[in-house]
Amino acid sequence: MIRSALVVACGVALAAPAVTYAQDTPTFTPPPMQYPFVAVSPSKSTAGEDVLVSVGCAKDDFGEVKSMVLDRIGTFEMTSEDPMILGAVAHVSAKAKPGFYAVKATCKTATVTINLEVAPVNTPAVSPSPSAKPPKAAPPKAVPAPGRQVSKIPVGAPQTGGDGT
């Protein structure tokens, strides 16, 4: 009898931590979305390109989006209901110089900002046209080696000018 009570007590003692561990296991909960927010995609662009500006804000609270680098911003339309996200296509000015520019969105009384990077425009390397002839290289200058009298040493049999008759 004592022996069976001891077995049951040990079994309960060993099973209790497993039950407790299963109950205490944390579940992953994503962090709450920062609201309001503004995003630009792509976040790195070049002058003259279009970008997507997204604003997380209730439609009734939405004010405006401003940036000195965006010369045209389209009409904002709802792209998501939960959470409420508004989006519009904007145009990066063709005159924009490389650098970082602030894009600000106003929602009711809150203003949120994100940076848009304008990268330099990569110009393709100019290759010569196939019909263009490469310039001729100048012949190397003859410089006598130290201790020699002439710059070019003759090759072959000496020419004596004799006729041999």
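For segment 63-79, state whether one or more residues are under 20 Å from Tyr35 (Cβ atoms), of a type in the set (S, T, N, Q), at pLDDT below 95 and under 26 Å from the mean Cα position of the chain (by Cα).
Yes - at least one qualifying residue is present in segment 63-79.
Out of the residues in segment 31-40 that are open to solvent by 30 Å² or more (accessible area, probe 1.4 Å) and under 16 Å from Ile85 (Cβ atoms), state the one that is nearest to the chain's Cα centre (by Cα).
Ala39
Just give me the residues in segment 69-105 being open to solvent by less than 40 Å² (accessible area, probe 1.4 Å), among the polar types (S, T, N, Q) and touching a residue at least 12 places away in the same chain (Cβ under 8 Å), in sequence order.
Selection gives Ser93 alone.
How many residues does segment 41-58 hold that are over 19 Å from Pro120 (Cβ atoms) and surrounded by 13 or more Cβ atoms within 10 Å (Cβ to Cβ)? Before the answer, list the steps.
Here is the first cut: in segment 41-58, the ones over 19 Å from Pro120 (Cβ atoms) are 41, 52-58.
When the remaining residues are screened for being surrounded by 13 or more Cβ atoms within 10 Å (Cβ to Cβ), the result is 52-58.
Number satisfying all stated conditions: 7.
Which pairs do you get when a residue that is closer than 13 Å to Ala88 by Cα and in a strand (DSSP E or B), found in segment 57-68, comes within reach of a residue that is aliphatic (A, V, I, L, M) and open to solvent by 40 Å² or more (accessible area, probe 1.4 Å), reach meaning Cβ atoms under 8 angstrom, with the pair 6+ apart or on two chains?
Close Cβ pairs satisfying both conditions: Val65/Ile73.
Can you confirm whether Pro124 is surrounded by 11 or more Cβ atoms within 10 Å (Cβ to Cβ) and at pLDDT below 95?
Considered against the rule, which asks whether it is surrounded by 11 or more Cβ atoms within 10 Å (Cβ to Cβ) and at pLDDT below 95, Pro124 comes out as no.
The values are calculated or read from the model by the stated rules, or taken from the named source; none is laboratory data. Note that the coordinates shown come from a computational prediction; the quantities given were computed from them, not determined experimentally. Reconstructed Cβ throughout: ideal geometry from the backbone, glycine too, with neighbour counts over all protein chains shown. SASA here: full protein model, heavy atoms, side chains in, ligands and nucleic acids out. Shrake-Rupley method; radii C 1.70, N 1.55, O 1.52, S 1.80 Å.
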